[in-house]
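The values are calculated or read from the model by the stated rules, or taken from the named source; none is laboratory data. On a predicted model such as this, the values are computed, not experimentally measured, just so you know. Here the Cβ is made from the backbone with ideal geometry for all residues, glycine too, and neighbour counts use every protein chain on show.
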Amino acid sequence: MPSGSLLVHVAAYAVLAVAAGIFVYVAGSFALMRAHVDARPAMRHLVEALRETAWAALTQPLVPLFYLVGRRLARGRGTPVVVVHGYTQNRVDFLRVARGLARAGLGPVYGFNYPWFASMHDSAQRLARFCDDVRRETGEARVDLVAHSLGGLVAMEYLHDAGPGRVRRLVTIASPHAGIAWRGPIVGAAAAQMRHGSAFLVERASRAVPVPCLSVYSSHDNVVHPPATSMLGKRGARDHAVAHVGHLAILFDPEVVRVVVDFVGAPDAAVERVAAPSAVVLEPPRELVGA
(Lines give C-alpha, C1' and ligand atoms only; values in the text may rest on other atoms or scores of the structure.)
Protein backbone atom coordinates (compact mmCIF):
# COMPACT_ATOMS: atom_id res chain seq x y z
CA MET A 1 0.00 0.00 0.00
CA PRO A 2 1.44 3.42 -0.93
CA SER A 3 2.56 5.50 2.03
CA GLY A 4 0.11 8.27 1.17
CA SER A 5 -2.79 5.86 1.19
CA LEU A 6 -1.62 4.41 4.50
CA LEU A 7 -1.56 7.85 6.07
CA VAL A 8 -5.09 8.50 4.84
CA HIS A 9 -6.29 5.26 6.39
CA VAL A 10 -4.52 5.98 9.68
CA ALA A 11 -6.03 9.47 9.79
CA ALA A 12 -9.48 8.10 9.03
CA TYR A 13 -9.22 5.53 11.81
CA ALA A 14 -7.98 8.22 14.20
CA VAL A 15 -10.97 10.43 13.39
CA LEU A 16 -13.34 7.52 13.89
CA ALA A 17 -11.71 6.65 17.22
CA VAL A 18 -12.04 10.23 18.48
CA ALA A 19 -15.65 10.43 17.30
CA ALA A 20 -16.49 7.13 18.98
CA GLY A 21 -14.86 8.24 22.21
CA ILE A 22 -16.79 11.51 22.23
CA PHE A 23 -20.06 9.72 21.54
CA VAL A 24 -19.52 7.24 24.39
CA TYR A 25 -18.49 10.04 26.76
CA VAL A 26 -21.46 12.31 26.01
CA ALA A 27 -24.14 9.63 25.70
CA GLY A 28 -22.99 7.74 28.77
CA SER A 29 -22.39 10.71 31.06
CA PHE A 30 -25.62 12.48 30.13
CA ALA A 31 -27.59 9.30 30.82
CA LEU A 32 -25.94 8.71 34.22
CA MET A 33 -26.31 12.37 35.25
CA ARG A 34 -30.11 12.23 35.24
CA ALA A 35 -30.28 10.34 38.54
CA HIS A 36 -28.43 13.14 40.36
CA VAL A 37 -29.90 16.40 39.01
CA ASP A 38 -33.30 18.01 38.64
CA ALA A 39 -35.42 16.91 35.70
CA ARG A 40 -35.44 19.18 32.66
CA PRO A 41 -37.20 19.19 29.27
CA ALA A 42 -35.94 16.55 26.87
CA MET A 43 -35.18 19.17 24.22
CA ARG A 44 -32.95 21.14 26.63
CA HIS A 45 -31.19 17.90 27.56
CA LEU A 46 -30.54 17.20 23.87
CA VAL A 47 -29.34 20.73 23.13
CA GLU A 48 -26.83 20.61 25.98
CA ALA A 49 -25.64 17.16 24.91
CA LEU A 50 -25.04 18.50 21.41
CA ARG A 51 -23.20 21.52 22.81
CA GLU A 52 -20.97 19.26 24.91
CA THR A 53 -20.33 17.14 21.82
CA ALA A 54 -19.41 20.17 19.74
CA TRP A 55 -16.88 21.50 22.23
CA ALA A 56 -15.37 18.05 22.69
CA ALA A 57 -15.07 17.67 18.92
CA LEU A 58 -13.32 21.04 18.66
CA THR A 59 -10.90 20.61 21.58
CA GLN A 60 -9.98 16.94 21.83
CA PRO A 61 -8.15 16.66 18.49
CA LEU A 62 -5.96 19.55 19.72
CA VAL A 63 -4.99 17.89 23.00
CA PRO A 64 -1.76 16.32 21.61
CA LEU A 65 -0.65 19.68 20.17
CA PHE A 66 -1.15 21.49 23.48
CA TYR A 67 1.32 19.21 25.22
CA LEU A 68 3.88 21.03 23.07
CA VAL A 69 2.45 24.57 22.87
CA GLY A 70 0.42 26.86 25.11
CA ARG A 71 2.63 27.31 28.13
CA ARG A 72 1.77 31.00 27.78
CA LEU A 73 -1.79 31.23 26.52
CA ALA A 74 -2.07 35.02 26.69
CA ARG A 75 0.14 38.02 27.34
CA GLY A 76 -0.33 40.57 30.10
CA ARG A 77 1.46 42.74 32.66
CA GLY A 78 -0.45 42.09 35.85
CA THR A 79 -0.80 39.22 38.27
CA PRO A 80 -0.08 36.04 36.30
CA VAL A 81 -2.94 33.57 35.97
CA VAL A 82 -2.11 29.86 35.99
CA VAL A 83 -4.81 27.57 34.59
CA VAL A 84 -5.03 23.97 35.81
CA HIS A 85 -6.84 21.38 33.68
CA GLY A 86 -8.94 18.39 34.70
CA TYR A 87 -8.92 14.60 34.37
CA THR A 88 -7.62 13.29 31.00
CA GLN A 89 -7.28 16.85 29.68
CA ASN A 90 -4.66 19.57 29.23
CA ARG A 91 -4.44 23.35 28.82
CA VAL A 92 -6.25 23.41 25.47
CA ASP A 93 -9.52 23.55 27.43
CA PHE A 94 -8.73 27.11 28.60
CA LEU A 95 -8.44 28.81 25.23
CA ARG A 96 -11.71 30.70 25.68
CA VAL A 97 -11.01 31.65 29.30
CA ALA A 98 -7.50 32.86 28.39
CA ARG A 99 -8.92 34.97 25.58
CA GLY A 100 -11.46 36.54 27.93
CA LEU A 101 -8.79 37.39 30.50
CA ALA A 102 -6.52 38.87 27.83
CA ARG A 103 -9.32 41.03 26.41
CA ALA A 104 -9.89 42.43 29.91
CA GLY A 105 -6.22 43.32 30.20
CA LEU A 106 -5.56 40.59 32.79
CA GLY A 107 -2.81 38.04 32.94
CA PRO A 108 -0.43 36.90 31.52
CA VAL A 109 -2.08 33.48 31.38
CA TYR A 110 0.03 30.34 31.72
CA GLY A 111 -1.18 26.83 30.95
CA PHE A 112 -0.03 24.12 33.35
CA ASN A 113 0.04 20.51 32.18
CA TYR A 114 0.45 17.58 34.55
CA PRO A 115 -0.08 13.81 34.47
CA TRP A 116 -3.74 13.60 35.54
CA PHE A 117 -3.33 9.99 36.71
CA ALA A 118 -0.75 10.94 39.37
CA SER A 119 -1.64 11.46 43.03
CA MET A 120 -2.94 14.83 44.18
CA HIS A 121 0.23 15.37 46.20
CA ASP A 122 2.51 14.75 43.23
CA SER A 123 0.44 16.99 40.95
CA ALA A 124 0.34 19.74 43.59
CA GLN A 125 4.13 19.57 43.86
CA ARG A 126 4.42 19.96 40.09
CA LEU A 127 2.03 22.91 40.24
CA ALA A 128 4.14 24.47 42.99
CA ARG A 129 7.27 24.27 40.82
CA PHE A 130 5.41 25.65 37.81
CA CYS A 131 4.02 28.60 39.80
CA ASP A 132 7.47 29.31 41.22
CA ASP A 133 8.84 29.45 37.66
CA VAL A 134 6.03 31.80 36.61
CA ARG A 135 6.62 34.09 39.58
CA ARG A 136 10.33 34.29 38.83
CA GLU A 137 9.67 34.87 35.14
CA THR A 138 7.16 37.68 35.73
CA GLY A 139 8.65 39.18 38.88
CA GLU A 140 5.28 38.91 40.64
CA ALA A 141 5.04 37.65 44.21
CA ARG A 142 1.74 35.80 43.72
CA VAL A 143 -0.32 34.12 41.04
CA ASP A 144 -4.04 33.63 40.47
CA LEU A 145 -5.25 30.07 39.86
CA VAL A 146 -8.15 29.12 37.58
CA ALA A 147 -8.84 25.39 37.66
CA HIS A 148 -11.29 22.97 36.08
CA SER A 149 -12.65 19.71 37.50
CA LEU A 150 -9.82 17.62 39.04
CA GLY A 151 -7.59 20.66 38.62
CA GLY A 152 -9.59 22.38 41.36
CA LEU A 153 -8.59 19.69 43.84
CA VAL A 154 -4.96 19.89 42.74
CA ALA A 155 -5.04 23.68 43.12
CA MET A 156 -6.59 23.40 46.58
CA GLU A 157 -3.89 20.94 47.62
CA TYR A 158 -1.19 23.34 46.45
CA LEU A 159 -2.96 26.29 48.05
CA HIS A 160 -3.04 24.54 51.43
CA ASP A 161 0.77 24.54 51.44
CA ALA A 162 1.42 27.81 49.56
CA GLY A 163 -1.27 29.93 51.23
CA PRO A 164 -1.81 33.64 50.61
CA GLY A 165 1.93 34.22 50.31
CA ARG A 166 2.06 32.75 46.80
CA VAL A 167 -1.56 32.67 45.63
CA ARG A 168 -3.75 35.77 45.41
CA ARG A 169 -7.09 34.28 44.26
CA LEU A 170 -8.53 30.94 43.21
CA VAL A 171 -11.36 30.06 40.83
CA THR A 172 -12.53 26.46 40.54
CA ILE A 173 -14.88 25.46 37.73
CA ALA A 174 -16.92 22.24 37.90
CA SER A 175 -14.64 20.79 40.57
CA PRO A 176 -15.78 17.81 42.69
CA HIS A 177 -14.86 19.19 46.10
CA ALA A 178 -17.14 16.65 47.80
CA GLY A 179 -16.20 13.87 45.38
CA ILE A 180 -17.60 12.23 42.27
CA ALA A 181 -20.64 9.97 42.37
CA TRP A 182 -19.39 7.61 39.63
CA ARG A 183 -18.65 4.15 41.06
CA GLY A 184 -17.35 2.53 37.89
CA PRO A 185 -13.71 2.00 36.94
CA ILE A 186 -11.45 5.03 36.55
CA VAL A 187 -7.68 5.11 36.14
CA GLY A 188 -4.98 6.58 38.35
CA ALA A 189 -4.19 7.51 41.94
CA ALA A 190 -6.09 10.78 41.65
CA ALA A 191 -9.20 8.90 40.54
CA ALA A 192 -9.42 7.01 43.82
CA GLN A 193 -8.77 10.19 45.79
CA MET A 194 -11.58 12.15 44.13
CA ARG A 195 -14.28 9.55 44.73
CA HIS A 196 -16.95 10.65 47.18
CA GLY A 197 -16.15 9.40 50.66
CA SER A 198 -12.43 8.87 50.03
CA ALA A 199 -10.11 9.36 53.00
CA PHE A 200 -8.38 12.11 51.03
CA LEU A 201 -11.56 14.21 50.66
CA VAL A 202 -12.87 13.48 54.15
CA GLU A 203 -9.65 14.79 55.69
CA ARG A 204 -9.72 17.96 53.59
CA ALA A 205 -13.41 18.73 54.04
CA SER A 206 -12.65 20.71 57.20
CA ARG A 207 -10.06 22.98 55.56
CA ALA A 208 -11.16 26.56 55.04
CA VAL A 209 -10.01 28.20 51.81
CA PRO A 210 -7.26 30.64 52.85
CA VAL A 211 -7.59 33.10 49.93
CA PRO A 212 -10.52 34.71 48.09
CA CYS A 213 -12.08 31.89 46.11
CA LEU A 214 -14.94 31.46 43.66
CA SER A 215 -16.47 28.07 42.86
CA VAL A 216 -18.40 28.01 39.57
CA TYR A 217 -20.54 24.99 38.76
CA SER A 218 -23.48 23.88 36.64
CA SER A 219 -26.95 22.79 37.67
CA HIS A 220 -26.61 19.89 35.19
CA ASP A 221 -22.96 18.93 34.99
CA ASN A 222 -22.77 15.56 33.24
CA VAL A 223 -19.62 14.50 35.15
CA VAL A 224 -19.59 16.32 38.50
CA HIS A 225 -22.98 16.09 40.16
CA PRO A 226 -25.13 16.86 42.07
CA PRO A 227 -24.45 20.63 42.14
CA ALA A 228 -23.81 20.58 45.90
CA THR A 229 -20.67 18.56 45.17
CA SER A 230 -18.94 21.71 43.94
CA MET A 231 -20.10 24.14 46.61
CA LEU A 232 -17.45 25.77 48.81
CA GLY A 233 -19.54 28.31 50.71
CA LYS A 234 -19.07 26.47 54.01
CA ARG A 235 -15.33 26.69 53.56
CA GLY A 236 -15.15 30.45 53.05
CA ALA A 237 -15.55 30.71 49.28
CA ARG A 238 -18.21 32.20 47.03
CA ASP A 239 -20.43 29.90 44.97
CA HIS A 240 -21.82 30.73 41.54
CA ALA A 241 -24.21 28.39 39.71
CA VAL A 242 -24.90 28.46 35.99
CA ALA A 243 -27.81 26.67 34.38
CA HIS A 244 -27.66 23.47 32.34
CA VAL A 245 -24.20 23.57 30.72
CA GLY A 246 -22.07 20.43 30.53
CA HIS A 247 -18.72 19.60 32.07
CA LEU A 248 -16.52 20.71 29.17
CA ALA A 249 -18.89 23.28 27.68
CA ILE A 250 -18.83 25.21 30.97
CA LEU A 251 -15.32 26.44 30.10
CA PHE A 252 -16.65 28.06 26.93
CA ASP A 253 -19.88 29.46 28.35
CA PRO A 254 -20.05 33.29 28.09
CA GLU A 255 -21.47 33.70 31.60
CA VAL A 256 -18.72 31.57 33.10
CA VAL A 257 -15.99 33.48 31.25
CA ARG A 258 -17.54 36.74 32.44
CA VAL A 259 -17.68 35.76 36.12
CA VAL A 260 -14.12 34.44 36.01
CA VAL A 261 -12.86 37.67 34.44
CA ASP A 262 -14.86 39.78 36.91
CA PHE A 263 -13.51 37.86 39.92
CA VAL A 264 -9.89 37.89 38.78
CA GLY A 265 -10.04 41.54 37.79
CA ALA A 266 -12.01 42.94 40.73
CA PRO A 267 -10.43 45.23 43.35
CA ASP A 268 -9.26 43.44 46.48
CA ALA A 269 -12.04 44.96 48.60
CA ALA A 270 -14.68 43.45 46.30
CA VAL A 271 -13.44 39.88 46.72
CA GLU A 272 -12.43 39.75 50.35
CA ARG A 273 -12.45 36.24 51.66
CA VAL A 274 -15.80 35.12 53.06
CA ALA A 275 -15.49 34.24 56.71
CA ALA A 276 -15.81 30.49 57.20
CA PRO A 277 -17.14 29.01 60.45
CA SER A 278 -14.58 27.51 62.76
CA ALA A 279 -14.21 23.73 62.77
CA VAL A 280 -15.83 23.47 59.36
CA VAL A 281 -17.28 20.07 58.57
CA LEU A 282 -18.49 19.62 55.01
CA GLU A 283 -21.28 17.07 55.04
CA PRO A 284 -21.67 14.93 51.93
CA PRO A 285 -24.40 16.16 49.61
CA ARG A 286 -27.73 14.62 50.54
CA GLU A 287 -28.10 13.17 47.05
CA LEU A 288 -24.92 11.13 47.41
CA VAL A 289 -25.66 9.47 50.71
CA GLY A 290 -25.90 5.78 50.04
CA ALA A 291 -24.77 6.20 46.42
Practice task
Please find, within segment 159-186, the residue that is surrounded by the most Cβ atoms within 10 Å (Cβ to Cβ) out of those that are charged (D, E, K, R) and over 22 Å from E255 (Cα atoms).
Solution key: R168
Practice task
Could you identify the single residue in A205, A189 that is surrounded by fewer than 22 Cβ atoms within 10 Å (Cβ to Cβ), in contact with a Ser or Thr (Cβ under 6 Å, 6 or more places away or on another chain) and of a type outside the set (S, T, Y)?
Solution key: A189
Exercise for the section: Evaluate segment 101-124: report whether one residue or more is assigned to a loop (DSSP other than H, G, I, E, B), of a type in the set (F, W, Y) and without any contact (Cβ under 8 Å) to a residue 60 or more places away in the chain. Expected result: yes
Practice task
Within segment 234-253, count every residue that is in contact with a Pro (Cβ under 9 Å, 6 or more places away or on another chain) and at positive phi.
Solution key: 1
Problem - Neighbours by Cβ (under 7 Å, 6+ apart or cross-chain): first from segment 202-216, modelled with pLDDT of 95 or more; second of a type in the set (F, W, Y) - result: L214/F263
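Residue-by-condition table, conditions (1) crowded, with 17+ Cβ neighbours inside 10 Å; (2) of a type in the set (A, V, I, L, M):
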site	(1), (2)
G70	yes, no
A74	yes, yes
T79	yes, no
V83	yes, yes
Y87	yes, no
A98	yes, yes
R103	no, no
Y110	yes, no
N113	yes, no
Exercise for the section: Just give me the residues in segment 220-268 being closer than 27 Å to T79 by Cβ, out of contact with any strand residue (DSSP E or B) (no Cβ under 8 Å at 6 or more places or on another chain), modelled with pLDDT of 95 or more and not basic (K, R), in sequence order. Expected result: L248, F252, P254, V257, V261, D262, G265, A266
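Residue by residue, here is whether (1) in contact with a Lys or Arg (Cβ under 7 Å, 6 or more places away or on another chain); (2) among the hydrophobic types (A, V, I, L, M, F, W, C) holds:
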{"position": "L159", "(1), (2)": "no, yes"}
{"position": "G165", "(1), (2)": "no, no"}
{"position": "L170", "(1), (2)": "no, yes"}
{"position": "I173", "(1), (2)": "no, yes"}
{"position": "I180", "(1), (2)": "yes, yes"}
{"position": "Q193", "(1), (2)": "no, no"}
{"position": "G197", "(1), (2)": "no, no"}
{"position": "L201", "(1), (2)": "no, yes"}
